[in-house]
């Protein structure tokens, strides 16, 4: 049987959703509620709308193929604004009002970590593309499906590369976020192990402070 790209997309999407949501699928014909919490504005604004559009496309494909085990998928979309406080309020609505089984689409680590206590308490699955090394540590219930490599895998090679280029000392200036802080820790550990000396660390909260 010849399988075209559209059929493959449908099968892959259905399989991914089914695997993650199986514990929360109910009997009968009730729909499966999923929340999308994407950075449509703020720092992630260049990426969020495209992520949101991709989720809508996949859900449409899954539903046209008959849903997940016969269940229609309902997608409720919210904007995190790339802001943890906004994201927590939106996640609370998704959990309490929309009764979602999963929240997908969190991009920056501070948002993913910010809504994690709520999701853990409510047994709501998270699907994210965030890199903070704290994510697997704080995921006590194995509810987080992270599709991004963690920050130590970024920072350590940078430290070794700097040493290979002949650097003897280093200073760090970076945004004060969960992702950058854990990246910097891995960078510094690798650089110091390679014999480099740290001069100074400087973290800032926004571009104006840089």
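The values are calculated or read from the model by the stated rules, or taken from the named source; none is laboratory data. If you're wondering where the values come from, they're calculated on a predicted model, not measured in any experiment. Using ideal geometry, Cβ is built from the backbone for each residue, glycine included, and neighbour counts are taken over all protein chains shown.
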Within region 140-157, identify whether any single residue is outside the structural domain of residue 91 (by TED's automatic domain parsing), surrounded by fewer than 16 Cβ atoms within 10 Å (Cβ to Cβ) and farther than 26 Å from residue 104 by Cβ, and answer yes or no. yes
Positions within region 91-101 being outside any loop (DSSP other than H, G, I, E, B) and surrounded by fewer than 22 Cβ atoms within 10 Å (Cβ to Cβ), in sequence order: 92, 93, 95, 96
Selection from region 125-139 of residues that are crowded, with 22+ Cβ neighbours inside 10 Å and in a loop (DSSP other than H, G, I, E, B): 130, 131, 132
